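Take a look at the structure below.
The values are calculated or read from the model by the stated rules, or taken from the named source; none is laboratory data. All values reported here derive from a predicted model rather than from experimental measurement. Please note: Cβ atoms are built from the backbone with ideal geometry, for glycine as well, and neighbour counts cover all protein chains shown.
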Amino acid sequence: GAPQLNNPKLFRQQCYIDGAWLDADSGKVKEVTNPATGELLGTIPDMGADETRRAIEAANRALPAWRAKTAKERSNILRRWFDLMMAQQDDLGLLLTLEQGKPLAEAKGEIAYGASFIEWFAEEAKRIYGDVIPQHQGDKRIVVVKQPVGVVGAITPWNFPNAMITRKAGPALAAGCTIVIKPATQTPYSALAMAELAEQAGIPAGVFNVVTGSAKGIGGEMTSNPIVRKITFTGSTEVGKLLMEQSASTVKKVSMELGGNAPFLVFDDADLDAAVEGAMMSKFRNTGQTCVCANRILVQSGVYDAFAEKLAAKVKELKVGNGLEEGVSQGPLIDEAAVEKVKEHISDAVSKGAQVAIGGAPDAKGGTFFQPTVLTGVTTEMKVTKEETFGPVAPLFRFETEEQGIAMANDTEFGLASYFYARDVGRIWRVGEGLESGIVGINTGIISTEVAPFGGVKESGVGREGSKYGIDDFLEIKYMCMGL
Ligand code: ADP
């Protein structure tokens, strides 16, 4: 049934366009279910290209006044938005668990993480500096200014229903852009709650819009409408490529946070207990459903057996269940298709000689619950090598030398996050520099923070989010050459 919130206004079943709460033109809706119970949570408007066009036009009308505000004025409004989020962290966390499934403590953690991007970019808004360049001719002067790119279209995934909204909207609004967002259909309520709070924070009508419904209809309009100057997307590489193609006809700027295939290397000189702890956090956070989750655990021969044993023992302690239950660390997978992929990766590995150290099957709770799994004896012929599992499966590969470990780690078209555990300082530099990824976790399994640049190389994406670099993706550089 409907969520029981302290502030019921945070549960919105309409879209937010130009400061108004609206249904689809057709009156049609889509249903949203709780992945832990299969129960209906509510509905959302099934909007398409027409409603999206109107949202884009509203964002365009709101743009001149929003970008003309001083940075401090925008900053103060964003700060209010941040404060409202933190004041309602419990409600927002509950809503997130109900639509996404992650354990409540993790969901509240995501709200704090999501809010941190609004706070950070409220601060960064005031530090968008230009430049004066020494002239190339005596009678000229050269000044560089930075300006907002304009109307932004954002498309976000279901695994971080709150933080993927704020990581895009925070820098966009701070820079002076206006935005139209399409959240994932599985998890729209966290995004709609952010619209409610945006209104309360005093974000003017048209500056922040949320449109739900047809991915093709909404995405098609966003990528083809010439008013939209930038597309920012987090999701699969497959859809990212499609959006880049579609955006090419009007030469939009694009930021793409796409799939990963993160290697997690454990070297002979690693602190093994720390490596196990890091692997647990990197692999099993959000039930393995993050794009920076360790997908391949590569262990050097000398410590392979010991590491496998310690990891399996820790995995045994994980509690699977409804994220609202006390002590649960592993919620359900998002849907049946996710379960099928996990099953397929396990059966493919086992058929080619891998062993199941623990887990390996759907959980007795039924639904989309799955046993946290460790596979040993995994080799590079198996599917888990090439594809992101996006589930609670830790496949353990063996390597001999440092060079071989790095080569195996880099043998993928992806390059978002990688991790390694080692103590030798020379090795730490060599491996850190040698890994082909935008993010490297060294002796840590947790790398996400608003203060550091998040993003990938190779087919994992374009652009960076968070940090002092994250606002650049929403700014254009203009150079003014003045004759005296
Ligand atoms: P995931 O595997 O995380 O669901 P997707 O790339 O399929 O990744 O989805 C991420 C987001 O992209 C979701 O909001 C989804 O609705 C949207 N999406 C999927 N297909 C398209 C498309 N053809 N055009 C625009 N958006 C799309």
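Find all pairs meeting these conditions: Cβ atoms under 6 angstrom apart; at least six residues apart or on different chains; first residue within region 402-424 and surrounded by fewer than 24 Cβ atoms within 10 Å (Cβ to Cβ); second residue assigned to a strand (DSSP E or B).
Taking only residues 6 or more apart or on different chains, the pairs are MET408/LEU298; MET408/PHE399.
Show the residue pairs that are 6+ apart or on different chains and have beta-carbon atoms under 7 Å apart, the first residue being within region 130-146 and without any contact (Cβ under 8 Å) to a residue 24 or more places away in the chain, the second being in a strand (DSSP E or B) and of a type in the set (Lys, Arg).
Qualifying pairs under 7 Å: GLY130/LYS146; GLN135/ARG141.
Would you point out which residue out of THR185, THR212, THR234, THR178 is β-branched (Val, Ile, Thr), within 9 Å of the ligand (Cβ to nearest atom), crowded, with 24+ Cβ neighbours inside 10 Å and at pLDDT 95 or above?
It is THR234.
Scan PRO332, PRO392 and give me the residue that is within 30 Å of VAL462 (Cα to Cα) and under 20 Å from the mean Cα position of the chain (by Cα).
Step by step, each of PRO332, PRO392 is checked, and only PRO392 is within 30 Å of VAL462 (Cα to Cα) and under 20 Å from the mean Cα position of the chain (by Cα).
Of the residues that sit in region 151-175 and are outside any loop (DSSP other than H, G, I, E, B) and near the ligand (Cβ under 10 Å from one of its atoms), which one is nearest to the chain's Cα centre (by Cα)?
MET164
Report whether or not THR223 is hydroxyl-bearing (Ser, Thr, Tyr), in contact with a Cys (Cβ under 6 Å, 6 or more places away or on another chain), within 10 Å of the ligand (Cβ to nearest atom) and modelled with pLDDT of 95 or more.
No, not satisfied.
Looking at (1) more than 11 Å from the ligand (Cβ to nearest atom); (2) on the phi < 0 side of the Ramachandran plot, which is the only condition VAL251 fails?
If we test VAL251 against (1) more than 11 Å from the ligand (Cβ to nearest atom); (2) on the phi < 0 side of the Ramachandran plot, just (2) comes out false.
Go through (1) over 29 Å from GLY48 (Cβ atoms); (2) in a loop (DSSP other than H, G, I, E, B) one by one and return the number of the condition GLU106 breaks.
(2)
Just one of MET244, MET222 is among the aliphatic types (A, V, I, L, M), in a helix (DSSP H, G or I) and crowded, with 24+ Cβ neighbours inside 10 Å; which is it?
Result of the check over MET244, MET222: MET222.
Taking region 446-483, which residues are part of a helix (DSSP H, G or I) and β-branched (Val, Ile, Thr)?
Once the filter is applied, which keeps residues that are part of a helix (DSSP H, G or I) and β-branched (Val, Ile, Thr), region 446-483 yields only ILE471.
Which pairs do you get when a residue that is of a type in the set (Lys, Arg), found in region 215-233, comes within reach of a residue that is at pLDDT 95 or above and surrounded by fewer than 23 Cβ atoms within 10 Å (Cβ to Cβ), reach meaning Cβ atoms under 6 angstrom, with the pair 6+ apart or on two chains?
ARG229/VAL149; ARG229/GLY150; LYS230/VAL149; LYS230/LYS253
Can you tell me which residues in region 188-205 are surrounded by 24 or more Cβ atoms within 10 Å (Cβ to Cβ) and not hydrophobic (A, V, I, L, M, F, W, C)?
PRO188, TYR189, SER190
Quick check on this structure: which one of THR444, THR376 is touching a residue at least 60 places away in the same chain (Cβ under 8 Å) and in contact with a Pro (Cβ under 9 Å, 6 or more places away or on another chain)?
THR376
So, GLN137, is that one away from the ligand (no atom under 16 Å from the Cβ), modelled with pLDDT of 95 or more and in a loop (DSSP other than H, G, I, E, B) or not?
yes
Among the numbered criteria (1) in contact with a Lys or Arg (Cβ under 7 Å, 6 or more places away or on another chain); (2) over 23 Å from GLY434 (Cβ atoms); (3) buried (at least 18 other Cβ atoms within 10 Å of the Cβ), which single criterion is violated by ALA294?
Unmet for ALA294, out of (1) in contact with a Lys or Arg (Cβ under 7 Å, 6 or more places away or on another chain); (2) over 23 Å from GLY434 (Cβ atoms); (3) buried (at least 18 other Cβ atoms within 10 Å of the Cβ): (2).
Which numbered condition trips up PRO263, out of (1) touching a residue at least 24 places away in the same chain (Cβ under 8 Å); (2) within 15 Å of the ligand (Cβ to nearest atom)?
Looking at each condition in turn, PRO263 falls short on (2).
So which of ARG427, ARG423 ends up being of a type in the set (D, E, K, R) and closer than 16 Å to SER301 by Cβ?
Exactly one residue qualifies, and that residue is ARG427.
Considering only region 353-399, state which residues are in a strand (DSSP E or B) and surrounded by fewer than 22 Cβ atoms within 10 Å (Cβ to Cβ).
Result: GLN355, VAL356, ALA357, ILE358, PRO362, GLY377, ARG398, PHE399.
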